[in-house]
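The values are calculated or read from the model by the stated rules, or taken from the named source; none is laboratory data. Being a predicted model, the structure only gives us computed values, none of them experimental. Note that we place each Cβ from the backbone using ideal geometry, even for glycine, and neighbour counts take in every protein chain shown.
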Amino acid sequence: MLITRRAVTAALSLTGLAALAGLSPLRLIAEAMADVAADVVKPQALPDMALGSADAPVTIVEYAAPTCPHCARINKDVFPRIKSEYIDTGKVRYVFREFPLNIKDLACSMLARSIAKDDAAKYFAIVDIMFRQQNQLIEKTSETLKLIGRQAGLSVQAVEECLKDQAMQDKIAADQKFAEDVLKVEGTPTFFINGQVIVGEAEFAEFDQRIKSLLKT
């Protein structure tokens, strides 16, 4: 099982203290991992965009970027199966968080937030469109964003104003800094499954195994 470097560092420092105090190192390692899991599920500057029951026993948090080809592949081939088998059945709550790799990702995230407002289902739908139009977004960012905005009912002027929203930009930047500094996220995609980490592309089988093991506990 993979955990964040923060948990590893904490666990290693705690084992020495545990030995001195006559406590169980394994117990302290488990508690350090629980702290990381608790940090992961806390919304920061922006409200979380999530699908699935708030009471689901497993929470998956994905950090992703619209121009990341690995994220697009996960969205196309892996996420639909997670949704049908686990999110729609009440076993998983799935949280999507922005982790911009460049100015194009930032623009995409700002537009998706602006279109969706507080509607998580609409947000996931916009993100899906962006992943499916990834090549166009990379090659003709401005034109593609305006097209997506128009399809969602926004005028060209509204899209342009959205992309100038400094407050939204600051919140996305603050959430990314939290991911980097506290959760040690370094790139996309990065997933946390009840605090357990998967870095990079993974097949559905790996998610399936992790989720099933957590449902048994």
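Okay, residues lined up against (1) part of a helix (DSSP H, G or I); (2) surrounded by 15 or more Cβ atoms within 10 Å (Cβ to Cβ); (3) modelled with pLDDT of 95 or more:
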| residue | (1), (2), (3) |
| --- | --- |
| Pro66 | no, yes, yes |
| His70 | yes, yes, yes |
| Asn75 | yes, yes, yes |
| Val78 | yes, yes, yes |
| Ile82 | yes, yes, yes |
| Glu85 | yes, yes, yes |
| Gly90 | no, no, yes |
| Tyr94 | no, yes, yes |
| Leu101 | no, yes, yes |
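Does Ile115 meet the test of being surrounded by fewer than 19 Cβ atoms within 10 Å (Cβ to Cβ), in a helix (DSSP H, G or I) and touching a Lys or Arg at 6+ places or on another chain (Cβ under 8 Å)?
Criteria not met by Ile115.
Determine, yes or no, whether Ile148 is under 17 Å from the mean Cα position of the chain (by Cα) and either hydroxyl-bearing (Ser, Thr, Tyr) or under 20 Å from Ala64 (Cα atoms) (or both).
Spelling it out, it is not the case that Ile148 is under 17 Å from the mean Cα position of the chain (by Cα) and either hydroxyl-bearing (Ser, Thr, Tyr) or under 20 Å from Ala64 (Cα atoms) (or both).
Could you identify the single residue in Ser114, Ser109, Ser142 that is among the hydroxyl-bearing types (Ser, Thr, Tyr), at pLDDT 95 or above and out of contact with any helix residue (DSSP H, G or I) (no Cβ under 7 Å at 6 or more places or on another chain)?
Being among the hydroxyl-bearing types (Ser, Thr, Tyr), at pLDDT 95 or above and out of contact with any helix residue (DSSP H, G or I) (no Cβ under 7 Å at 6 or more places or on another chain) holds for just one of Ser114, Ser109, Ser142, which is Ser142.
Given the range 121-172, what helices (runs of 4 or more DSSP H) lie entirely inside it while holding 3 or more residues that are under 24 Å from Lys76 (Cβ atoms), of a type in the set (Val, Ile, Thr) and in the same structural domain as Ala64 (by TED's automatic domain parsing)?
141-151
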